[in-house]
Amino acid sequence: MNIKAQELRENALKAIRSELRVGPHFKPTALKIEADGTAIIQAEVDNIAIKRLALERLAATKGITAIVDRLRVKPAKPMSDDGILDHLRKAYFAEPAFAALRITERKAGKRKLVQDAPDPRGEIEIEVKKGVVILNGRVPGLASKRLAGVLAWWVPGSRDVVNGIAVEPPEEDAPIRIEEAVRIALDKDPFVDASQVRVGVRNRTVRLTGAVRSREARAAAEWDAWYVFGVDDVINELEVVP
């Protein structure tokens, strides 16, 4: 590694560690800076918040031009790829918003139809590799793309979700779109009384206010927001009122 790349690596690590929720002891398994400024980062982290915050700080480091993300989240429950695929297959099949979509899965290079529709409005393809859920296909709106990602993160064995689903026709993103997606996730979470939670979004930062009945519900609401594709930060101001 040349002097410039070494200096850029040190600046990147300093930026990541300066985020209090990541912490000064963050030590990636690998952090390599290519000559063109591409950063390749690899590590296993405790939760999605650390993953997103580390990537955001890395992207904001002057001189970093692109990121190859190999950060993986420790799974809540050890699960095989087949187990994750089975959970997600059932979740997508049971989701009313996906009733008009074709659902397929890819395994060992072979594609299998899971759900067909008479006049499909789109398609979601699911693949799982070493705990990483890979989503492809096309859906008619950003809300559907984001919901697919949230449901994938809800599977206890998921270590990462790569959401490559295209939106057709293209839909311009905006804070209101993120707010809509967070609200949908909260409404569908059985551990959260979404009627008591207010959602505000500025740029890509979500702020949660209101009241919940337990610390578990407070944490669940925060994770739901983090699981939404495109969210860079979550400010949890929910009060616990038993």
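Would you order Leu20, Leu208 from fewest to most other beta-carbon atoms within 10 Å of each residue's own beta-carbon? Let's see the in-between values first.
Details: Leu20 8, Leu208 21.
Result, fewest neighbours first: Leu20, Leu208.
On full extension, the segment bounded by Glu10 and Lys129 gains 39.7 nm, given 0.36 nm per residue less the C-alpha separation. Pull up all non-local amide H partners of Leu71: gap of 5 or more, or a different chain, and H-to-H distance under 5 Å with H placed in the peptide plane. Hits under the 5 Å cutoff: Ala43.
Could you grab the relative contact order for the chain? Cα pairs under 8 Å, six or more apart, rounded to a whole percent. Working shown, then result.
Values: 463 pairs, mean separation 32.0, N = 242.
Relative contact order, the chain: 13 percent.
If you run the Gaussian network model on the chain, springs between alpha carbon atoms under 10 Å, then out of Ala185, Ala54, Ala15 the most flexible one is Ala15. A viscosity of 0.692 mPa s and a temperature of 37 °C, combined with the Kirkwood radius over Cα pairs in Stokes-Einstein, give a translational diffusion coefficient for the stretch 41-180 of 204 µm²/s. Computed from the C-beta positions of Ala59 and Asp187, the FRET efficiency with R₀ = 35 Å rounds to 0.70.
Which one of Ala166, Ile84, Val192 is farthest out on the positive end of the charge dipole of the chain, using unit charges on Cβ (Lys, Arg +1; Asp, Glu -1) and the Cα centre as origin? Most positive-ward Cα: Ile84. Applying a threshold of 19 Å to the alpha-carbon distances of Lys74/Lys130; Lys51/Lys74; Lys77/Lys129; Lys14/Lys130 flags Lys14/Lys130 as lying beyond it.
Projected onto their three principal axes, the Cα atoms of the chain cover extents of 60, 50, 37 Å, largest first. For Val162, nonlocal amide neighbours, meaning residues 5 or more places apart or on other chains whose placed amide H falls under 5 Å from its own, are Val133, Ile134, Leu135.
Its Cα gyration tensor gives the stretch 3-73 an equivalent ellipsoid; the semi-axes, largest first and in whole Å, are 18, 12, 10.
What's the exposure ranking of Ile48, Ile126, Ile40, going from fewest to most Cβ atoms within 10 Å? Let's see the in-between values first.
On the way: Ile48 19, Ile126 24, Ile40 15.
Ranking Ile48, Ile126, Ile40 by Cβ neighbours within 10 Å, fewest first, gives Ile40, Ile48, Ile126.
Only one residue of Ala99, Ala39, Val114 has its Cα farthest out toward the positive end of the dipole of the stretch 1-135, where Lys and Arg carry +1 and Asp and Glu -1 on Cβ, and that residue is Ala39.
Under the 0.36 nm per residue contour assumption, what length would be gained going from the current alpha-carbon distance of Glu237 and Ile176 to full extension?
20.0 nm
Is the stretch 175-240 best put as rounded, prolate or oblate by its Cα gyration tensor, with a ≥ b ≥ c the root eigenvalues, rounded for a/c under 1.5, and otherwise prolate when a/b is larger than b/c, oblate when not? Intermediate values should be presented prior to the final figure.
Details: a/c = 1.79, a/b = 1.53, b/c = 1.17.
Prolate, since a/c reaches 1.5 and a/b exceeds b/c.
The numbers here are math on the coordinates, done by the rules we state, and not lab data. Because the structure is predicted, anything quoted here is derived from the model rather than measured. A quick note on method: Cβ atoms are made from the backbone with ideal geometry, for glycine too, and the neighbour counts reach across all protein chains shown.
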